[in-house]
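As structure tokens, the structure follows; a few thoughts come after it.
The values are calculated or read from the model by the stated rules, or taken from the named source; none is laboratory data. None of these values were measured; they are calculated from a predicted model. Positions of Cβ are generated from backbone atoms using ideal geometry, with glycine treated the same way; all protein chains shown enter the neighbour counts.
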Amino acid sequence: MAYAELHCHTNFSFLDGASAVDELVERALALGLTGLAVTDHGGLYGVVRFASTAREAGLHPVIGVEIELLDAFAPDLDRIVIPARRPARRGAGRPTGRPAGAAPDPSTTLSEGLPARPRPERTRLPGRREPIKEDFRGIAEGSRGPHLVLLARDATGYRSLCRLISRANLAGTKGAPRFSQALLADHVEGLIALSGCRDGELARRLRVGDRDGARQVAEGYAAIFGGLANGGRDVAGTAGTAARAGFILELQHHLLPEDDWLVAETARLAEELGLPTVVTNDVHYALPEGRELHDVVTAIRHGRTLETLADLRRPDGESYLKPEAELLALPPGDQAPGNDDPRTARAWTEGLANSSEIAAACSVDLGFERYRFPGFSVPVGETPFSQLAELCHQGARKRYHPLTPAVLNQLTHELAVIERTGLAEFFLICWDLMRFAREKRIPAQGRGSAADSIVAYVLGITRVDPIRHNLLFERFINEGRTTYPDVDIDFSSKRREEVIQYVYETYGPEHTGMVCNIVTYRARSVVREVGVALGFPRPLVDRVAKALETYDSVMVRRDLEADGGFAEFFQRPGNPVSAVAPVAERHGLADRMGQLRLAGKPALRAGGSGDDKGGPGDSAASVAWLESGRGTGHVDGRAIDPESGVLLPPERRTDKLGRPNHWGGEGPVAASPHAGSTVGLSDWERWLEFCARMDGFPRHLSIHSGGMLITAAPLIDIAPLERATMPGRVVVQYDKRDVETIKLIKLDLLGLGMLAAIDETVQLIEHDCAACLDLDRLPEDITEVFGMLQAADTVGVFQVESRAQMQTLPKSRPNCLDDLVVEVAIIRPGPIQGNAVHPYLRRKQGLEPVTYLHPSLAPILSDSLGVILYQEQVMRIAIDVAGFSAGDSDGFRRAMGTWRSSREMEKLHAHFVDGCVAIQGLPRDDAEELFRRVAGFASFGFAKSHAAAFARTAYESSFLKLFYPAQFLVGLVNAQPMGFYPVEVLVNDAKRHGVAVLPVDINASSFRTTTEWVGRPGEPLPAGLGIDRRPEPVRSPACVLPSPAGRERWSAESAVGWGVRLGLGLVKGIAEEHAELVDTELARGPYTSLGDVVERTDLPEETLERLVRAGALDSIGRPRRELLWQLREVASRRTAGTSGRAAGRPIDLHLPPTDAPGLPAIGETERLGDAYAVLSLDARQQVIGLFRGALDRLGAVPNAMLNEHPQGRVRIGGLVVTRQHPMTAKGTVFLALEDETGMVNVTLWPDAWARMRGVVRRHALLLVDGQLQREGDVVNVIAREIRPLPEAAAGVGGPVRPPGVRQLGYAGGRRTG
Amino acid sequence: MTRLLREHPLIDAELDPAGRLVAFRWAGRREAVEVCNRWRVDEAWWRQPIARDYFKVVGARWLALVYLDRLDGSWHLERVYD
């Protein structure tokens, strides 16, 4: 006998399943199961990865789903009433109450034989959490619709599943599919239905004693699904026929009190009706200890804590994958009441045997190669291939002058491969998209390995010439490759939607869909949700979550343990509540019970020592919590209410008569019977443990940024669809990896902010300077551009603007485009960890000779000076040195990258080494060494084609930054969010390069940032610009300006006369929807008074206040304080009459407007603080300028002077603009510190970070004492001591802290990388 | 009338070779029993774990609820139905 589990939930049941697919597969194999079905709730999210993982591991996969029916089965088929469809819920409003489309009230649907269950009141914890799906929190399974399990028998069955799920989803709202009986009855072809768990309709009826109802339900489903494939119920349901049956009764036993009886009843019914049975275990986790995590995810799903979860939790701990022997020992054991009934025993053993038969009968092949092309229409007489060849030759004549034999040979070769692999249509689809983009002037370019292909180049899909860059076509397509070639096309982020609409229109909505993106738990979300579920006080959870630097949930432990305070804090459970009663009282958290005694110990604060009075985002409550040091949710055995902080009454351990109930004893915690259990761990340890275990758990679905699926067959037959959050948009339940696995064609239409920025820049240049730039024809050898790159003056430049790039550019000194390609490819986590960076840099600087292991490698590795860097190089080594075929070389590259089974590796290893020896005559040792290097590299390989495409864009953006800085800044600002730096850094950088940046002004600014004529240098500034003088370029090696000759040659003469006017859109609160009005009103003429602004813009009062504080109304000519004084009056007059929005205001008595009293003028400090608070930047001065006097007195050096400063001790002051905590740097933290003269990198070694974490995390303005290090032109400050700048400055008579500087915490809180 | 026992006294359980409960001994008296129902309780793992196998048993004199504490393997009598 053998057993297969046919009812199993993975973590794709979204918080109702505690094991990942591979864990289940691994366990099933270990237990010797003959098959495993995945039946997640309402979707097929996990089936593709399940099927492929299982097949690879040698386990038979069964694909299925567990649906929740909307209505109970109506026994008379003729009386099935299609339920009236209620309109989908509109908007996200109505936070409480049952959403339309949710499970209907059970009292109406389960009327027959079932008592109406009272619906539990849903209690909500006040913290806002995005609902994972529709809001079913607090509703027990038993109060929702009945369950039914469906398994796909074959391809037809899979199609039925897809259609059923898609239609139910499209009929419902996001996350709440509507499976009605009528819909189900329409989709039974090829499906096997199992009667379901204890919440299946049959079991529900049996549990309340409604045998007749249960019988009718069983008969009804048997009639729909075909009780037995060979004719029906008259044939006895004995073993052997089960596999052909369409409806099978499920037997489950979880050692619950009623289970013996339920199994016996179901068995009786099966025999009476002649239906087969199957034993399943409704698996929710792979191993017994998974129960704990399952309880935690259930608590998360319901927004409760474990303690308050009550009956929402699964009542048993038995829903793990059980081996056959363990199931066999369940009923009907002799202790079962059914022991006198041989039917039960027979049904149970048959049910076990049937399981593997049914599993074997279910076989679905998830390969849809046949369906992948939607059919591209070509002119009569042409085939897709002939059309493609024609287009290619046309394109080649345009791209290449002259057309060399090398080009023609390569083109012929590629076309031949494309013809043989049948991919012509694919290229035509891409070509068509690019044609559309060109016609609509949407900036677009292909990236990724497609750039290896000359066909893609001549068709205009990519902009990189593969001949010029010596790229390898086989990296893109080869005949040995089984997966689909990947074409990623970047479009201007602003206009990508137009392209997506075009695809929908061209290929039809039935054949087009967006690939989903499965959002998984990240460090912060997992810490928060697990913490709350475990009953930790919410303020504490907040604090812990905010202390995280990592995004990776497995790293949570390492990250928080590094933050010494926490572990220590938690080791002293409950120490202190009272020690700090005064604090708690002050914050309104006083203990109502009044029974706490002072513990007399010093309170510990979570999150380390130092300046820890709370930072941005801390509430009074969280500060109180942390100061009081209440580490856990329990004090003296009493729980603390997570919200209020009040001690709850002691738990009831006795019954009404005061007798102990023995639930929850005293004394030491006993060990759990399960090995991996968290029993016995401290609360803190358990928290960390669950965070690690939830790593990678799917949380919800979102739309993938640009993956579009185009298919020949209707999509609904191939993949399940569901609604996306975006109205009208539909996504496939598979993510991009799944789509690749089932061999469908997917186009990645990505949005790239830089393309939007470059496009706008070019248009502005045309408009402002009457110069028409064709970037395609931009020469590749403009030395001044490379000069700028070598000086690392790259803020805003595509791809090479990050801290790591800026640190290496002066060393790698790129002086041609190929060097830039290397630069783009090499500064990535992989090469950094793989130690490829330093050898390259040393060789580039001439510190180390360029050597090759063997002369045959020289032509392959010459680009990268002998260092293996690109995937194409690995393949070429495999081909030229080791004698692999082109197709095999790609397989070799992939195998190296993914570390397949060691046997496979061993085979490739032998093949490679033997090849090297035989073909190039390498000594065996050298061949081994070469293999080692190739294998070491392969894990972080980067396609050269991709790097080349990006390098070209990086080059173009460098050109624009150098010669048209004003226009480029406008492009960047308007394309936000994008890039590495916030707007403030971009603006300050432009100012340092002498670009006049003009403040926001309601009488001059449009919604978007624009260019504005300020006159050539030396000319007087036009009136009313809002600035007194042009900024002088900063003298610093890191600030490169074009030479007069270069300027004359490469830029228009008028380019230097343009400044940048910041747009109103930068003011917080003014959104896209105000854009049109703001622009129209500006065009109508200047605003003359505050009343005028209020009337014409109709902006909310708070937004107007921000405008005043940003200085946008200064041009009205009234002092700011007066405007603020009047604002409330003017605005309230407007709103009073029109709506009830004036609630809480003084009654408008229609009194004449009051004159503002004589208010003092606003000081510079306050002005700057306001500007930073509202705009996060100031056009006139950088905030550090305010402190310069004090900094001078403190002996601090401006950043621009650091290049001339001797090595050794140094003191600097600045504003933190980015903070990086790269996982590759082993705990080192990098800060980019900006002052008015430039930016400098500050490095904090792990011990320094541990010491100063508190200050650095909570302050944006810092004074750093450290060690200056200079390596060539790269300057670095190693921090020794960091203090908050305002406090240090105050000691030497510095300015008072600008009031808006509090908000600067935001700048410091930004994390990148 | 049901009697809930205050201290859940230890009992000696007699199992047959297949591991099934056939009798138990409490306060010096042996009672041969037959199991009418059984269930498993696995609770409160995050606090003070409880892992018990409950048996509702019937003998000549008593109808009783006994359990096996799966954490330490001891048997207890919890409830006696008169």
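Mind telling me which of the residues A:F892, A:F931 ends up being modelled with pLDDT under 85, in a helix (DSSP H, G or I) and within 29 Å of A:R828 (Cα to Cα)?
Unique residue meeting the criteria: A:F892.
With the structure loaded, tell me whether A:R268 is assigned to a helix (DSSP H, G or I), under 30 Å from the mean Cα position of the chain (by Cα) and more than 14 Å from chain B (Cβ to nearest Cβ) or whether it fails that test.
In short, no.
Quick one: count up the residues across segment A:22-31 that are assigned to a helix (DSSP H, G or I) and surrounded by fewer than 24 Cβ atoms within 10 Å (Cβ to Cβ).
Counting residues in segment A:22-31 that are assigned to a helix (DSSP H, G or I) and surrounded by fewer than 24 Cβ atoms within 10 Å (Cβ to Cβ) gives 6.
Across segment B:1-27, what is the number of residues that are away from chain A (no Cβ under 11 Å), assigned to a loop (DSSP other than H, G, I, E, B) and within 17 Å of B:D53 (Cα to Cα)?
1
Hey, could you check segment A:823-873 for residues that are among the hydrophobic types (A, V, I, L, M, F, W, C) and out of contact with any helix residue (DSSP H, G or I) (no Cβ under 7 Å at 6 or more places or on another chain) and say which is surrounded by the fewest Cβ atoms within 10 Å (Cβ to Cβ)?
My answer is A:L847.
Of all residues in segment A:1184-1204, which are crowded, with 21+ Cβ neighbours inside 10 Å and assigned to a helix (DSSP H, G or I)?
Passing the criteria: A:I1184, A:L1186, A:F1187, A:A1190, A:L1191, A:N1199.
Among (1) more than 8 Å from chain A (Cβ to nearest Cβ); (2) without any contact (Cβ under 8 Å) to a residue 60 or more places away in the chain; (3) basic (K, R), there is one condition B:R79 misses while meeting the rest; what is its number?
Exception for B:R79: condition (2).
From the list A:T1154, A:T1224, pick out the single residue that is under 21 Å from A:Q805 (Cβ atoms), at pLDDT below 90 and of a type in the set (S, T, N, Q).
None of the others qualify; the one that does is A:T1224.
Test A:A927 against the criterion of being over 26 Å from A:R813 (Cα atoms), outside the structural domain of A:D465 (by TED's automatic domain parsing), free of Cβ contacts under 8 Å to residues at least 60 places away in the same chain and aliphatic (A, V, I, L, M), and give yes or no.
yes
For residues that are of a type outside the set (G, A, S), outside any strand (DSSP E or B) and more than 8 Å from every other protein chain (Cβ to nearest Cβ), scanning just segment B:58-76, find the one that is farthest from the chain's Cα centre (by Cα).
It comes out as B:R61.
Please name all residue pairs, on different chains or six or more residues apart, with Cβ atoms under 7 Å, provided the first residue is in segment A:839-863 and is touching a residue at least 12 places away in the same chain (Cβ under 8 Å) and part of a helix (DSSP H, G or I) and the second residue is of a type in the set (S, T, N, Q) and buried (at least 16 other Cβ atoms within 10 Å of the Cβ).
A:Y840/A:S864; A:L841/A:T808; A:L841/A:S812; A:K844/A:S812; A:S856/A:Q920; A:I860/A:Q873; A:L861/A:Q873
Here is a list of conditions, (1) in contact with a Lys or Arg (Cβ under 7 Å, 6 or more places away or on another chain); (2) modelled with pLDDT of 90 or more; (3) farther than 30 Å from A:G367 by Cα, and A:G200 meets all of them except one; can you say which number that is?
(1)
Yes or no: segment A:956-973 includes at least one residue that is surrounded by fewer than 17 Cβ atoms within 10 Å (Cβ to Cβ) and part of a helix (DSSP H, G or I).
no
Can you tell which of A:T34, A:T39 is among the β-branched types (V, I, T) and surrounded by fewer than 24 Cβ atoms within 10 Å (Cβ to Cβ)?
A:T34
State yes or no: is A:H993 at pLDDT 90 or above and of a type outside the set (S, T, Y)?
yes
Here are some residues: A:L256, A:L293. Which one is within 14 Å of another protein chain (Cβ to nearest Cβ) and either surrounded by fewer than 21 Cβ atoms within 10 Å (Cβ to Cβ) or outside any helix (DSSP H, G or I) (or both)?
A:L256
Can you tell me which residues in segment A:308-327 are in contact (Cβ under 8 Å) with a residue 40 or more places away in the chain and either assigned to a helix (DSSP H, G or I) or of a type in the set (F, W, Y) (or both)?
A:D311, A:L312, A:E324, A:L327 - these are the residues of segment A:308-327 that are in contact (Cβ under 8 Å) with a residue 40 or more places away in the chain and either assigned to a helix (DSSP H, G or I) or of a type in the set (F, W, Y) (or both).
Applying the selection to segment B:28-57, what residues are more than 11 Å from chain A (Cβ to nearest Cβ) and within 14 Å of the chain's Cα centre (by Cα)?
If the condition is that a residue be more than 11 Å from chain A (Cβ to nearest Cβ) and within 14 Å of the chain's Cα centre (by Cα), then B:R30, B:E31, B:A32 are the ones that fit.
When you scan segment A:144-166, how many residues do you find that are in a helix (DSSP H, G or I) and either surrounded by fewer than 19 Cβ atoms within 10 Å (Cβ to Cβ) or of a type in the set (V, I, T) (or both)?
Matching residues across segment A:144-166 total 3.
Of the residues that make up segment A:1163-1174, is at least one free of Cβ contacts under 8 Å to residues at least 12 places away in the same chain and under 21 Å from A:E1122 (Cβ atoms)?
Within segment A:1163-1174 (the criterion being free of Cβ contacts under 8 Å to residues at least 12 places away in the same chain and under 21 Å from A:E1122 (Cβ atoms)), the answer is yes, since at least one residue qualifies.
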